[in-house]
1. Could you say whether any residue in the stretch 24-34 is assigned to a helix (DSSP H, G or I), touching a residue at least 60 places away in the same chain (Cβ under 8 Å), at negative phi and surrounded by 24 or more Cβ atoms within 10 Å (Cβ to Cβ)?
2. Output yes when any residue across the stretch 377-390 is closer than 27 Å to residue 193 by Cα and buried (at least 20 other Cβ atoms within 10 Å of the Cβ), and no when none is.
3. Pairs please, first residue from the stretch 36-47 and assigned to a strand (DSSP E or B), second anywhere and crowded, with 21+ Cβ neighbours inside 10 Å and hydroxyl-bearing (Ser, Thr, Tyr), Cβ atoms under 6 Å, 6+ apart in sequence or on different chains.
4. Please verify whether residue 313 is surrounded by 23 or more Cβ atoms within 10 Å (Cβ to Cβ) and either in contact with a strand residue (DSSP E or B) (Cβ under 7 Å, 6 or more places away or on another chain) or part of a strand (DSSP E or B) (or both), treating the condition exactly as stated.
5. Within the stretch 230-241, is even one residue assigned to a helix (DSSP H, G or I) and under 30 Å from residue 162 (Cβ atoms)?
6. What tally of residues in the stretch 270-290 results from selecting those that are without any contact (Cβ under 8 Å) to a residue 12 or more places away in the chain and over 16 Å from residue 320 (Cα atoms)?
7. Given the structure, is residue 193 more than 24 Å from residue 131 (Cα to Cα), touching a Phe, Trp or Tyr at 6+ places or on another chain (Cβ under 8 Å) and hydrophobic (A, V, I, L, M, F, W, C)?
8. Could you please let me know if residue 117 is more than 30 Å from residue 408 (Cβ to Cβ) and hydroxyl-bearing (Ser, Thr, Tyr)?
Amino acid sequence: MTAQSAARHRVVVVGGGFGGLYATRELSRSSAVEVTLVDRRNFHLFQPLLYQVATGALAPGEIAQPLRSIFRQRLNVTVLLGEAVSVDVAARRIVLSDGGPIDYDTLVVATGAQFSYFGHDDWARFAPGLKSIDDATDIRRRILIAFEAAEREADPQRRAEWMTFVVVGGGPTGVELAGALGEIANDTLRRDFRAINPGDARILLVEAIDRVLPTYPADRSASARRQLERLGVTVRTKTPVVAIDDRSVEVKVDGGKADGATERIPARTVLWAAGVRVSGFAHAVAEASGAPTDKAGRLIVGPDLALPAHPEIFVIGDAAVEPWKEGRPVPGVAQGAIQGGRYVGTTIRRRLRGEPTPPFHYRDLGDVAVIGRLAGVTNIPWLGRFGRTGGFLAWLLWLGIHISYLIGFANRIVVTVRWAWSFFTHGRSSRLITGQPLLPPIEEPEPPA
């Protein structure tokens, strides 16, 4: 370490998602700061488009960008491939899984969240969530193998199991996944098979509460439901899941009453999009600092997004309960992490200059969920005043927003071209079966006609 770098304020950013990326970008503008960005992946992932990889519309490399390439021109930024596992708040030091310690003057925790199975972690192997590239390619394999198995399975009951898809969770990820499945079955694959009609696939979206997209206004939720149903998706609300195995999903009926009856839905493909909990490192920070957390394990931060008892530790994005409105924190969306990252980077620079630091103010830019081709819903306050809240306009806004926030100029060009080609051809060119198993477990193969 040079004398110049030793004199700089050492900031360690854990997590290269939206929050960590934008915090590091802001900090890299200051020559008074030495930034170390730690992530267990060597790339920044554009999570809102993961479901497009999972459904074959995009390839993994088109929604990811290597962190080292992003910061190669920022000489005060060091990128490390490693997993932070613990923190010593007194010594101001984090420890990586390989035992390597990193000292800090200021720590930024931006580790995001992972899916929660509400105490049923054994469900994860039957119903994968969607938080990483590995998850997306695994889900893509499961979806495509299901159609391949149905094509060759002779027994009608087992064929029906392969042709049934259940998405658990009616938030944006669940709605977009279910809509994409509807498009795959009714449009993309309709001429690809001979023994089956992909349009006969049964796609169910189950949600424990009374409507999908619960953070959207009620009329937008109702519109999303109608658009899903037009794609052939059966939406079942007030239907909590009580059991999952390799061949079925068991749900409560009668509005989810505690003493209500249950129903077994035979299905070989179940996708999880319900509930989140913080990462292991965020949990370690909470334990080491004594910081309070909410039920999901998110750390409760102050108006400056720092821990009240440890102002040198900032927590942002899905790992934090970022303050917003009375009784309502910042929603767990990309904008919350982006704005939090920018704010923390600016606040650290202000502190070093001895300037006052105003509290974090979240600006609600609204949300857009795309449901299918030329279809979607918006939750954008200013747009609602013009009476335009869904359909083609929502779909067009979604395209523009996601292109503009993609990291890397080449990725923007490639994704724009890929979407344009898919729009005109109705195709999904990344329908590759990778990972294991490569072949479906067919019990009674039917010979080709």
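1. So far as the stretch 24-34 goes, yes, one or more of its residues are assigned to a helix (DSSP H, G or I), touching a residue at least 60 places away in the same chain (Cβ under 8 Å), at negative phi and surrounded by 24 or more Cβ atoms within 10 Å (Cβ to Cβ).
2. Within the stretch 377-390, not a single residue is closer than 27 Å to residue 193 by Cα and buried (at least 20 other Cβ atoms within 10 Å of the Cβ).
3. Cβ pairs passing all conditions: 37/24.
4. So residue 313 fits the description; yes.
5. yes
6. Of the residues in that region, 0 qualify.
7. yes
8. In short, yes.
The values are calculated or read from the model by the stated rules, or taken from the named source; none is laboratory data. Keep in mind that this is a model prediction, so the values were computed, not measured. Don't worry about glycine lacking a Cβ; one is built from the backbone with ideal geometry, like all the others, and counts go over all protein chains shown.
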